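Mind looking over this structure? Questions follow.
The values are calculated or read from the model by the stated rules, or taken from the named source; none is laboratory data. Since we're looking at a predicted model, the values are computed, not measured. Cβ coordinates were reconstructed from backbone atoms using ideal geometry, including for glycine residues, and neighbour counts include every protein chain displayed.
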Ligand SMILES: Cc1ncc(COP(=O)(O)O)c(C=O)c1O
Ligand SMILES: Nc1ccccc1C(=O)C[C@H](N)C(=O)O
């Protein structure tokens, strides 16, 4: 697509945007003077769908009027409430409905999955992650190694970009798998890397690693609701994601988990168990013989927090109404390409973009390194905030900017770059 500078062009793109009406489904934060923020931070916390309040209120009302009976005979009973989220969650990650479950939080689910899928032997005991993994993933993996008596110095293989580079090269990951394959038990990688915004080729990596007998898991925190996924067809073993970024389900909201059907149906797989993962027909017999549900639900521990699930249901309904990931991705590619175009045209001398240029290798986020006339990257970020832009800063040196197709307009992107340009030239 040929882009032009000037606000009229941004408005023209908004006028022909088939998803434009979804912006009014969200509450956009306002500044003290009542004007709307330019919110480009869906990579950290997605905005509130206005209907979340109604969905949550519905559950509060049921609780008030029905008490414990809210579990059973009413609209959206609490007993199976998580099941109301499975179909739309499965559509977002390219899974069968019985391969996904909404439960716990992201790091908890990573641990639960490693309990099942990290089964070290004397010969095959190493775990591959990236050197710059999100700290929670690093801590989780290190603690799993130690839990099994493996010294992370020996058992943790860290993927690093080459000297002077920011991005991971697929050929380097392939070489590591080739070299160390027989000793690797698990490879846990992000779908989209949180710092650089790099989208990894999950299908290719899964095939490479599984070909060597390595179990493959993905942390999809920055990928779900951002890019189309096909976890089932890609043959991924497991995946985990949070719901508070691109899934707009509220701070700390309940997370999602995928277990490929070939594992989910195996009720004998070792796991940490709780009563919510037990066969639904006999759950209340209180017999103390755990029998796993033969789906991803078999990894649930506790009955879930319904108020949080109600917010997720509100959000997932919007994704369904928008037509799923295909139209969203279509707009997202245009929004991000437009952002890249304006950045190069208006502030190219001050800003470098570390996220890949190729849309196949990124989601909506661009990560910017800044060298303005008089301001450090951090000071520039502060200037953006003072002028009504919400994006985020990540140490050591990146401003992350994420235009989100459900609620961002092309004009938001235009105005962001105008503010950035003024700050760069101070
Ligand atoms: C890639 C990644 N992994 C893990 C986490 C931690 O998730 P949680 O606090 O929901 O466990 C986050 C974000 O907070 C993240 O971006
Ligand atoms: N949950 C949060 C609470 C407070 C501040 C940030 C977060 C994030 O989620 C950060 C995000 N994971 C990131 O990619 O940096």
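Taking residue 205, is it farther than 17 Å from residue 111 by Cβ and within 16 Å of ligand 2 (Cβ to nearest atom)?
On the way: farther than 17 Å from residue 111 by Cβ: yes; within 16 Å of ligand 2 (Cβ to nearest atom): no.
So residue 205 fails the test.
Suppose we keep only residues that are within 16 Å of ligand 2 (Cβ to nearest atom), in contact with a strand residue (DSSP E or B) (Cβ under 6 Å, 6 or more places away or on another chain) and assigned to a loop (DSSP other than H, G, I, E, B) within segment 30-77. Which one would you say is farthest from residue 381 (Cα to Cα)? Spell out how you get there, then give the answer.
Let us first name the residues in segment 30-77 that are within 16 Å of ligand 2 (Cβ to nearest atom), namely 39-48.
From what is left, the residues that are in contact with a strand residue (DSSP E or B) (Cβ under 6 Å, 6 or more places away or on another chain) are 39-44, 47-48.
Next cut, assigned to a loop (DSSP other than H, G, I, E, B) only: 40, 42-44, 47.
Numbers: 40: 13, 42: 16, 43: 16, 44: 15, 47: 20 Å.
Looking at residues that are within 16 Å of ligand 2 (Cβ to nearest atom), in contact with a strand residue (DSSP E or B) (Cβ under 6 Å, 6 or more places away or on another chain) and assigned to a loop (DSSP other than H, G, I, E, B), I get 47.
OK, next. Could you please let me know if residue 258 is surrounded by 20 or more Cβ atoms within 10 Å (Cβ to Cβ) and in the same structural domain as residue 193 (by TED's automatic domain parsing)? Outline the logic, then answer.
Values: surrounded by 20 or more Cβ atoms within 10 Å (Cβ to Cβ): yes; in the same structural domain as residue 193 (by TED's automatic domain parsing): yes.
For residue 258, the condition - surrounded by 20 or more Cβ atoms within 10 Å (Cβ to Cβ) and in the same structural domain as residue 193 (by TED's automatic domain parsing) - is met.
Which of the residues that make up segment 94-128 are away from ligand 2 (no atom under 16 Å from the Cβ) and in a helix (DSSP H, G or I)?
If we filter segment 94-128 for residues that are away from ligand 2 (no atom under 16 Å from the Cβ), which is where we start, we get 94-103, 111-128.
The answer is 97, 98, 99, 111, 112, 113, 114, 115, 116, 117.
May I pose another question? What single numbered condition from (1) crowded, with 19+ Cβ neighbours inside 10 Å; (2) more than 27 Å from residue 300 (Cα to Cα); (3) in the same structural domain as residue 282 (by TED's automatic domain parsing) fails to hold for residue 26?
Tallying (1) crowded, with 19+ Cβ neighbours inside 10 Å; (2) more than 27 Å from residue 300 (Cα to Cα); (3) in the same structural domain as residue 282 (by TED's automatic domain parsing), residue 26 fails exactly one: (3).
Of these, 91, 95, which one is touching a helix residue (DSSP H, G or I) at 6+ places or on another chain (Cβ under 6 Å), away from ligand 1 (no atom under 16 Å from the Cβ) and touching a residue at least 12 places away in the same chain (Cβ under 8 Å)?
Working: 91 fails: touching a helix residue (DSSP H, G or I) at 6+ places or on another chain (Cβ under 6 Å).
Only one candidate qualifies: 95.
Okay, residues lined up against (1) exposed (fewer than 13 other Cβ atoms within 10 Å of the Cβ); (2) within 16 Å of ligand 1 (Cβ to nearest atom); (3) more than 23 Å from the chain's Cα centre (by Cα):
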position	(1), (2), (3)
14	no, no, yes
48	no, no, no
54	yes, no, yes
74	no, no, yes
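Quick one: in segment 386-397, which of the residues that are in contact with a strand residue (DSSP E or B) (Cβ under 9 Å, 6 or more places away or on another chain) and outside any strand (DSSP E or B) is farthest from residue 414 (Cα to Cα)?
In the first step, residues of segment 386-397 are kept if they are in contact with a strand residue (DSSP E or B) (Cβ under 9 Å, 6 or more places away or on another chain); the result is 387-394, 397.
With the extra rule that they be outside any strand (DSSP E or B), the set shrinks to 387-388, 391, 397.
Working: 387: 14, 388: 14, 391: 14, 397: 23 Å.
For segment 386-397, the residue satisfying everything is 397.
Would it be correct to say that residue 125 is touching a residue at least 24 places away in the same chain (Cβ under 8 Å), buried (at least 17 other Cβ atoms within 10 Å of the Cβ) and over 26 Å from the mean Cα position of the chain (by Cα)? Outline the logic, then answer.
Details: touching a residue at least 24 places away in the same chain (Cβ under 8 Å): yes; buried (at least 17 other Cβ atoms within 10 Å of the Cβ): yes; over 26 Å from the mean Cα position of the chain (by Cα): yes.
Criteria met by residue 125.
Just checking, does segment 395-402 include any residue being at positive phi and surrounded by 19 or more Cβ atoms within 10 Å (Cβ to Cβ)?
In the first step, residues of segment 395-402 are kept if they are at positive phi; the result is none.
Scanning segment 395-402, I find no residue that is at positive phi and surrounded by 19 or more Cβ atoms within 10 Å (Cβ to Cβ), so the answer is no.
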